[in-house]
1. So which lysines can residue A:68 reach, going by Cα to Cα under 22 Å and dropping same-chain residues fewer than 8 places off?
2. So how do A:46-58, B:587-599, B:445-457, C:251-263 stack up, highest first, on mean other-Cβ count within 10 Å?
3. Please give me the summed charge of the neighbours of residue C:344: other residues whose Cβ is under 14 Å from its Cβ, Lys and Arg +1, Asp and Glu -1.
4. Please list the non-local residues whose amide H lies under 5 Å from the amide H of residue B:292, H modeled 1.01 Å from N, same-chain partners needing a gap of 5 or more.
5. Among C:408, B:20, C:73, whose Cα sits farthest toward the positive end of the charge dipole of the protein assembly as shown (+1 at Cβ of Lys/Arg, -1 at Cβ of Asp/Glu, about the Cα centre)?
6. Run the simple label-point estimate for residue C:196 and residue B:61 please: 7 Å along Cα→C-beta, distance reported in nm.
7. For residue B:69, which sequence-distant residues (separation of 5 or more, or a different chain) have an amide H within less than 5 Å of its own amide H, given hydrogens modelled in the peptide plane?
8. Per-residue mean of other chain beta-carbon atoms within 10 angstrom of the beta-carbon, peptide C:421-433?
Amino acid sequence: MILYFLSMVLLVMGLYCLVAKKNIVKKIIGIVIIEYSVNLFLVLVGYRSGGIAPILVKGMQAEELVQKGVDPLPQALVLTSIVIGLGTMALMVALCLRMYEKFKTFDMSKINTLKG
Amino acid sequence: MNELLFLILMPAVAGLVPLFIPRKGKIVAGIVALAASVWMLVNAVRIFGAGAKEYSVRLFTIGGELPFDFSLRLYQFNAFILLFIALFGVLVIFYSIGYMRGKDRSSIYYSFILWTLSAAAGAVLANNLLILLMFWEVLTVILFFLVNMGDEGHEIAAGKTFTMLGFTDAGMLLAIVIIWVTCGTLEISSLKIAATGFTGVLTFLLLFIGAIAKAGAMPFHSWIPAMAEPTPVPVIAFLPASLDKLLGIYLLARISLDIFSIRTGSGLSLMMMIVGAGTIIFAVLMALVQHNLKKLLSFHAVSQVGYMVLGVGSGIPVAIVGGLFHMLNNAIYKCGLFLGAGAVEFRTGTTDLEELGGLAKLMPVTFVTMAITAFSISGVPPFNGFVSKWLIYQGMLEGPGYNVIFLVVAVFGSALTLASFVKVLHSVFLGRRQEKFAGVREAGFAMQVPMIFLAILCIVFGVYARLPLEKFIIPSVAGTTGVSVEQMAVSTTSGYWNPVIATVLLFAGLVVGLIIYAFGKTKHVRIDENVWVGGNIMDNEEMRIPGTHFYKTVTDDLHPAWSALFRDGQEGALDIYNIWGRIGFNVVQVLRSLHNGILSTYLSWAIIGLGVLTFVLMFAL
Amino acid sequence: MQTYYPLFTAIPLAAAFLNLLLSKISMKVSDYIAFLVTGILAVMAVRMLFEAPFIYAVGNWRPPLGILLVSDGLSSLMLVIINVIGLLAVIFSMKYMTTYTAKPKYYSLFMLMIAGMNGVVITGDMFNLYVFLEIASIASYALVGFGTGKRELEASFKYLVLGGVASTAILFGIAFLYSITGTLNMPDLAQQLETIGMTRTVGFVVALFIMGFGLKASAVPFHAWLPDAHPSAPAPISAMLSGVLIKALGIYTIMRIMFNIIGQNELISAIIMFLGALSMVVGVLLAVGQSDFKRMLAYHSISQMGYVTIGVGLGLNPKIDPAVAALGLFGGLFHLVNHAVFKSCLFLCSGAFEYRTGTREKHEMGGLVRKMPVTSTTCSIASLSISGVPPFNGFWSKLIIILALIKAGYWIYGPIAVLVAFITLISFIRLQTGVMFGKLPEKFSGVKEAPFAMTLPLILLAILCLGIGIAYPWIDYGLLQAARDALLDKMAYMNYLIGG
């Protein structure tokens, strides 16, 4: 339970970072933190205390795997989600570099040409 | 094909033809349009005498329980309106062929005029409120495009027109939806709603506003003066001056007499009469101080609506007849006046009253027709405006005691109208002519014919007033007011022949009008000799006194608060369009300043939103 | 058709990569590939309208285990919108995008976006939906910043951060759902939730979904990215984003989840209707004050999506007469279709004007109707449509929504909807008088009509505006009803689990 709680703490930290920090790089880190909090949460959903890897090795009964194995699905989801996160991050970093070229600043609160 | 459907579809299809005719050959487009409108007129005349007709197709059923019919119904009332719509179509297209020559406008103009005819026919024939509204809005949209074909400044005028009419159309839509939900039907001929309770009064008011905004009564009038200057003259003569009056007052009569049955003495009746009387007096005062012929006429177009609303709103049979007859008369003479103004503009290139003058000899036909229509609008016998105003006065005398106030206002408004038109005739046709207008000629044949026709109609409907009354108006009203045709005819004609008090009042009005004119005139001395100022002979042109100055008295020399009101009225501070524009602007500015472009702000909105959603969904469930 | 169902995502995905490879040989080829692919997809999508509902089990796994693709009335409708508008946007791009460099990359991103949206619409698996949603989103982030100017980069970054937060919220919601039901299969989820009922956890999930998908659908207060992002993208992309993306990723998912998985609920209905009303009012008020053509259109997207949302919200209410709820939902779906048509037309018009005049500021333009008659006429038609003027299509959908609101007794929302329609009209009157009418500025005296590749989509969309408006009685009983019934029949959706 404490772990679930910690993943929520991580989420709140990430959101705080996004809202409160002005630096673009820190904002990117904030996004990454909230992505990891949700990944952590997904893994925890499939976790089973004392569980084994969900792989059917030679000599293992199917029932035993069902009883002891952790849920494999969230792990697959997390992998996908990490890949998506990577894509997003790459795009963000690219945008961040381009923005620095144009605006000569990393301060997001100064980048507000679009408003109203 | 069904005859009613034909009247709507034929002009619409004919309107497609001019789209394929290039700008250079627009005279061909004009002839096509003329042919189509004449054909429409012929059909309208043919079905006029043919009695009631109905046509209905079930289009679909919304939500399985609200049937929606495309239904048309022809009966006495709308048959004659339709007749005059087609007639004005013919006249205006005929006039346009002359007027549009030499103007750089494309042939799509004729498409719009034909589509207007089609939509107007649809609106009067519709027997389903939603169908009526759809045609109604199509008219608004076409008017928007027609105004946009005008001179400089047209886009602002067009925007204002569309905005104001769009607002009232939206109100009508709401009213119609409420009626649909509460009554389960939209069929006009079978709808009977009590104008009591919240929804009853609300729906009536919304529909009422829709009707008077189209007709142009205060406080929803300001689009007419705004569009008067830049709009091409045939357009303003066609739509705001004649067609919109017919349609607006037609709808007003339908809702207040048929659907809601507003009776004499009720609060809503009083409200309508106040709107009518207020419109008469304020618009005519504004008209007095105008310097532009078209703008002046447009204020009169507003002012005259007051009489119709007053007449129809009173709920007294004679006054209703008078109001509807005034609607018809107004459409005739106001169309004539605008066409005359267009002829003057066509030849001199201006409608500024301060520049014009002395055109009577050069443009005799225009002068005579405009004089006839001007006396008509001022209610001078024996022209048609006199008869209808008389009937309204007569009706006012029958109602509750407070009607005397409305009577006085109406008479006074008539006096001011006369004063204003004496000014018009003076400053345009009499007085001194400027040098540059020496070569002005009479307008062409195509422009003269409609003007002459309308002037003759003014005389005919004045002298033989029984003809239109008995043929068109009385049969339309008789059914709805519970009075038979014969009784109505008797009471109307007795009113016509035995009008002691009304006659006195009428002539009092005429006298007051002339006094006002004379009062303005004595302030200044007419000068024809060369003027001597400090030993120099001044040029006559400089010392020329334009006719408009006669009425400076009205604005300047009276009480200061009064002058301030005029200034405000002129600059539009009292215009609801401007007032709401300012309020809206401030609200928008507040909202825009919230969107400050900073990412953290936007993020915090999203996160706070999530928090509130979570709270509501987790703990209020 | 059934066996080809996965091709809706497979073709554009493949084309996206193939396009980049082939364009190394010749730049010209990417135009043809894009046109061919979207053309095929559009034809397939139209054919899907005539298919009865079916399911497709990917890899022949039995439904609760494998990934399920579902085809019903709603997904067919969405497929048509996505692919037809996509085709028109590609035709428009052929000429318009020559002003940008790197056309092949543009088409590849475009194809990815199409693939993502098609995937979202056809899938019957929660996580699969998330993945496709991310594909479409990331492609759209990149497309918004495609111009790499100051404005584009700023807008793209803001969009990305807000979109990223929304995606995280959605993934959290999916994780919570998985933790309480142990399945990701949408029909299975629906069945499981039926037995669990509306617990607090489900309530939290709904909150996360409304925020996440609501942000993608740009409901106020989650809308702030849209007026920056949509105008900054190239015009055909603006058309795709406003016309299609916010619907496929936002409204479609909300409808699918709330109707078919969670089920009708009064509180959710009230919340969604409130968000819809708020979006309508705030969006339109902000739109009136804009001088930038495209930014104004973007704010109108928020406002018009408010209409759709309020209609959908009304449909979610189980306490009112089911016929009225169905009417509200029908109006919402109808407005969704109409909005896709006229908003993409308007954005493409703005692109055509910008292409010829080089500006998007309304007060710098004027009198263009004489110079660009076709673009102006289509722009006028679409403007009248969005303002709800008869006989164009927007009138009918707004009428039905207002009618349903009044009939259901929402005496505040109904008049608000009428008022918003009027304010929309004001702002489009100002657009028309500012851009098309009035005095032509000197500098534009040499302006010509836009090229045919740009006017063709405009003409087609304008004809659709008028056509749907006039042919409304026949559409009523056509595809929209199928979509509506698909949503209202939760039972049928759950039965897809056992093979439809």
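No lab work stands behind these numbers, since they all come straight from the coordinates. The structure displayed is predicted, hence computed values, not measured ones. Note that each Cβ is placed from the backbone with ideal geometry, even for glycine, and that neighbours are counted across all protein chains shown.
1. A:58
2. Numbers: A:46-58: 11.2, B:587-599: 15.5, B:445-457: 20.4, C:251-263: 24.1.
Going by the mean number of other Cβ atoms within 10 Å, highest first, we get C:251-263, B:445-457, B:587-599, A:46-58.
3. Numbers: positive: C:247, C:294, C:343; negative: none.
After counting each charged neighbour, the total is +3.
4. Residues meeting the amide H criterion: B:353.
5. B:20
6. Going from the residue C:196 label point to the residue B:61 one covers 4.1 nm.
7. Amide H to amide H, under 5 Å and 5 or more residues apart or across chains, residue B:69 pairs with B:59.
8. Numbers: counts 5, 9, 5, 2, 9, 8, 0, 2, 9, 4, 1, 7, 12.
Counting other chains' Cβ atoms within 10 Å and averaging over C:421-433 gives 6.
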